[in-house]
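The values are calculated or read from the model by the stated rules, or taken from the named source; none is laboratory data. Not measured: the values here are computed from a predicted model. Counting neighbours? That spans all protein chains shown, and the Cβs are built from the backbone with ideal geometry, glycine included.
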Amino acid sequence: MNAAILVLTLLLCVAMSAIIVRVARLPLPLTQIALGAVISVPSYGLHVDLEPHLFLLLFVPPLLFADGWRMPKREFFQARERILALAFGLVLFTVVAVGYLLHWMIPHLPLAAAFALAAVLSPTDAVAVSALAGGAGIPKRLMYTLEGEALMNDASGLTAFKFAVAAAATGAFSLYDASIAFVLVAIGGVAIGALMGWGMALFQKWLAGWTRVQAQGTIVMILLLPFASYLIAEEAGTSGILAAVAAAITLNLKSAADAGADTRIATTHIWSMLEYVLNGVIFVLMGLQLPDIILDALSESFQEGGWSDALRLLTWAFATWVALIVARVVWVWGMLRFTHLVARWRGDGHKPMPRRRLMWATALAGVRGAITLAGVLSLPFVIEGNAPFPQRSLMVFLAASVILISLIAAAIGLPWLLRGITVEEEDPEEREEQLARIQACEAAVAAIAVAAREPGSEREEEDQGSLTSKAAQKMISAYQQRLRTLREEDGPDNHRERADAERELRLIGIRAERNEVMRMHRLDEINDVVLNALLYEIDMRETALAPPTRKH
């Protein structure tokens, strides 16, 4: 009963946050964290002992799967150098630079433990960034890069964290062995996830050949795919996080056109709802944990050494966050400078360096979130010889404080930094969408004209042919009106057989639209964002034309 009350309370907080955020005008993640803190008030509030491994299993695979599914693949591969440099290079740089700084700043924190803390602080939360940016918005190219980074650096950060924790617990560490193991873990996770996604895509294509297959059954299997990929990869000793991401990307690449309209529409709505609920529950859970962690540590420090010790803890937390920001700025500037120099060497040096405000926004967007909290709470309490893990409570306090500081700083700083920033180049998605709509309408007109001229058993009678011809003319006129509207041209806005003929021709035109949009996507003339938006519209129109089911 207690578990049921807890789940219902968390869901109620998520629902209430949608209302409060409209009234209070606070960023959604901070609103949900505040609600979690309110329901955890001592003496009568809820208290949850977060199980890190269960938390990672329940929340991380579906959310990363959804992010990988939605991530535009063309933009991901175009920005692969930047994304990999941030997701792997920046993580390694952060572990070394911030780890040494922490060990220097806090001498009683062993170097291996400092590396572990820096590693668990390296993953970023792109979902929180997009919510915290507010109405100012983030340029699309930057947002795609941040999302791609967040997809990958969870795996690299947690893998580095595991190696550092093992070194702190055993006192033995080999850079060569750790590097080899890191590469094998990453490659193995990607391979398992890609294989799972490819298998699901084949299964989905096989089901598409059947008739009367319930879309709900296919969706349930897709919902289980991230968990299956994660568990199999973890059992094999590889990265379950990368497996979930690779499964999503592979499935989306292989099966975008194979699933039926009902499946695509339902999948879109279900994943949208799940993402909102799971993200909301995560932030509410963080609100349940962060106040207790931070206040208990400050209270204990105050009792032992007075205000000076409590102030020292806060100074360490703030200095750690500043070190993360500085490390990110240095890495981003160096990466962009190197890219600029390579472009000049190739004779393409006309593009200027990004503005400083945009670089600082990129650095401030490195918000820490649930992965960091779950990772640091998974620290063992004891190590070999039954000795306590060195400075575990301090590491948990610093991680929790950095999460809160990064969220507040991004909520205040990102809208200010992004205010008034305009992207120099034209947004290609608007142009691609306009072109895709025009060419889809033209393909539909051509397909309807051909279908209206084709003889068929149901069209052999003259009256039937006349009805079909009239329906075709009406449909072609409707599409031509849409074309005039899309091209900004001026223009004016039942018999059962005729209605059936019109529905059939509409379906032919809609299928031609879908085929044309898919063809343009295969040729990289449009990206995944445009593809998904147009497929959703086309699927909705196809579903609306389905004949009503009659009860027998």
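Okay, residues lined up against (1) at pLDDT 80 or above; (2) farther than 30 Å from Ala178 by Cα; (3) in contact with a helix residue (DSSP H, G or I) (Cβ under 9 Å, 6 or more places away or on another chain); (4) not assigned by TED's automatic domain parsing to the domain that holds Pro61:
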| position | (1), (2), (3), (4) |
| --- | --- |
| Val213 | no, yes, yes, no |
| Ala246 | yes, no, yes, no |
| Thr250 | yes, no, yes, no |
| Ser255 | no, yes, yes, no |
| Ile265 | no, yes, yes, no |
| Ser272 | yes, yes, yes, no |
| Arg312 | yes, yes, yes, no |
In the stretch 511-537, the residues that are more than 12 Å from Glu433 (Cβ to Cβ) and outside any helix (DSSP H, G or I): Leu523, Asp524
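Residues checked against (1) modelled with pLDDT under 85; (2) surrounded by fewer than 21 Cβ atoms within 10 Å (Cβ to Cβ); (3) over 17 Å from Val367 (Cα atoms):
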{"site": "Arg70", "(1), (2), (3)": "yes, yes, yes"}
{"site": "Lys73", "(1), (2), (3)": "yes, yes, yes"}
{"site": "Phe76", "(1), (2), (3)": "yes, yes, yes"}
{"site": "Arg80", "(1), (2), (3)": "yes, yes, yes"}
{"site": "Leu84", "(1), (2), (3)": "no, yes, yes"}
{"site": "Leu90", "(1), (2), (3)": "no, no, no"}
{"site": "Gly99", "(1), (2), (3)": "no, no, yes"}
{"site": "Leu102", "(1), (2), (3)": "no, no, yes"}
{"site": "Ile106", "(1), (2), (3)": "no, yes, yes"}
Would you call Met335 at pLDDT 80 or above, in contact with a Lys or Arg (Cβ under 9 Å, 6 or more places away or on another chain) and among the hydrophobic types (A, V, I, L, M, F, W, C)? yes
Of all residues making up the stretch 119-146, the number that are modelled with pLDDT of 70 or more, of a type in the set (Gly, Ala, Ser) and under 19 Å from Met335 (Cβ atoms): 1
Any residue at all in the stretch 20-38 that's within 30 Å of Ser156 (Cβ to Cβ) and basic (Lys, Arg)? no
Candidates Leu373, Leu379 - the one that is of a type in the set (A, V, I, L, M, F, W, C), under 18 Å from Ala155 (Cα atoms) and not in a loop (DSSP other than H, G, I, E, B): Leu373
